[in-house]
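Chemist: Structure in structure tokens, see below.
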Amino acid sequence: MNDRVSRETCWPPVLERRPPMLDLQGRNINKLRVSVSEACNMACSYCVTGIEDHQVAPDQLAMPDLLRLVELLHRHAGIEKIRITGGEPLLYRELIPFIEGLSQTGLEDIGLTSNGLLLAKSAPALASAGLKHINLSLDSLQPERFREMGRAGSLKSTLKGIDASLKAGLRLKINMVVMKGENDDELADMLEFGIKRGIEVRYLELMRMGPLYHNGDFKLVTMEEMLDQIAERFTITPAKADHDSTSKRFWVPGGYFGIIPNESAPFCSTCSRLRLTSNGKLVGCLSNPEETSIRHLLDEPNPEEKLKSLVLESVSYKQSSFTGSDLVMSKFGG
Ligand code: SAM
């Protein structure tokens, strides 16, 4: 990698706006991923064994209750940044009021992760509700391959969703999960696609999760291998990234891209994430299936202290290194 790089830089320290929630390792837990529903309209081969794996949780919380839990986590447990995920969050009927509710609590950093199939129609309403940015999952620019990897959907719909989102003023990033022999010949094409539209592409190393946890045929493409491939078309320079960013960031003439080295260089020591499932459980670590329910706090008049201690309990399940687990991503959104 050193042959390809010419310069290394660092961000200045990030300023805190609210009292932080620090765990025992001093990590500032300020990011929350909220899975609004486990339903999805795709069934990506690296995520689930089939579309039937995507079932709405029987005890899914009503929208106002889910919103209340997020509000409590924001007010009392240091959460500043929200990413709405799933399942596919655009299937969630109450998504717009949910985002409006989040905006009203004073949360300014509200993002969404989506496959974009239903984005064309909803992008303007999402932006008006207070959504700021979208991480769009897009694994291939080839229509047949798109369908094979996702087992459903159409590339055309996702591309329309991208155009509509840009038009609505939403900031976009593309997340591409890279699999050996499936889409690893498209890295430079995806980067060109992103550069043309001013969208940062982030390549995700495959994670040993759900159906891949015990699967011997693990089609990992490492960060080094990705860089080698991209370097065939682009001159790559390392760039700045936030101290707790999951991605290694690079610059090429025309724009930036990132690689999330989930397997080859996991970022566990700086992980600042917490996850909330649609049925009100906290998940502190992808490498540990322990869940911590907080839904009973909805009935408490003064839940603050109990909430803080349950958040710390959930965060204590964070592992020091990523070993994977049989947790299915669509339950808590990645
Ligand atoms: N339906 C939405 C979407 O497609 O973006 C949100 C849910 S999806 C589970 C969230 C993210 O998890 C996606 O970017 C997806 O690519 C990623 N993901 C799921 N399983 C993965 C795996 N085994 N390795 C790496 N990324 C994975």
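Only the coordinates and a few stated rules stand behind these numbers; no lab work does. Since the model is a prediction, treat every value here as computed from it, not as a measurement. We place every Cβ from the backbone using ideal geometry, glycine too, and count neighbours over all the protein chains shown.
Chemist: Just to verify a number: FRET efficiency for residue 189 and residue 245, C-beta to C-beta distance, R0 = 25 Å, to 0.05?
Modeler: Efficiency, rounded to the nearest 0.05: 0.50.
Chemist: Along the charge dipole of the chain, which of 164, 154, 41 sits closest to the positive end, that is, farthest toward it, with unit charges on the beta carbon of Lys, Arg, Asp and Glu (+1, +1, -1, -1)?
Modeler: Value: 164.
Chemist: Roughly how many debye, to the nearest 20, is the charge dipole of the chain about its Cα centre, given +1 on each Lys and Arg Cβ, -1 on each Asp and Glu Cβ, and no other charges?
Modeler: Value, rounded to 20: 860 debye.
Chemist: Quick one: if the Förster radius is 30 Å, what FRET efficiency do residue 326 and residue 302 give, using the C-beta to C-beta distance and rounding to 0.05?
Modeler: 0.20
Chemist: Which loop-located chymotrypsin sites (Phe, Trp or Tyr not before Pro) does segment 232-326 contain, where loop means any DSSP state but H, G, I, E or B and the Cβ has at most 16 other Cβ atoms within 10 Å?
Modeler: 317
Chemist: Give the separation of the Cα centroids, segment 188-219 to segment 290-315, in Å.
Modeler: So the separation of the two Cα centres works out to 34 Å.
Chemist: Quick one: compute the contact order of segment 208-283, relative version, from alpha carbon pairs under 8 angstrom and 6+ residues apart, as a percent.
Modeler: Relative contact order comes out at 20 percent.
Chemist: Mean separation of Cα pairs under 8 Å and 6+ residues apart, divided by the residue count of segment 79-221: what relative contact order is that in percent?
Modeler: 20 percent
Chemist: Two decimals is fine: what is log10 I(q)/I(0) at q = 0.08, 0.09, 0.13 Å⁻¹ for the chain, from a Debye sum with one equal scatterer on every Cα and no solvent?
Modeler: -0.35, -0.45, -1.01
Chemist: So for the chain, averaging the separation of alpha carbon pairs under 8 Å that are six or more residues apart and normalising by length, what relative contact order in percent results?
Modeler: That works out to 23 percent.
Chemist: Could I ask something else about it? What's the local net charge at residue 225, with K and R +1, D and E -1, over the other residues with C-beta under 9 Å away?
Modeler: -2
Chemist: Also, I was wondering about something else. Once a ≥ b ≥ c are taken as the square roots of the eigenvalues of the Cα gyration tensor of segment 130-282, is the result rounded (a/c under 1.5), prolate (a/b larger than b/c) or oblate (a/b not larger than b/c)?
Modeler: Verdict is rounded for segment 130-282.
Chemist: Please report the antiparallel percentage of DSSP beta bridges with both residues in segment 3-331, rounded to the nearest 5.
Modeler: 30 percent
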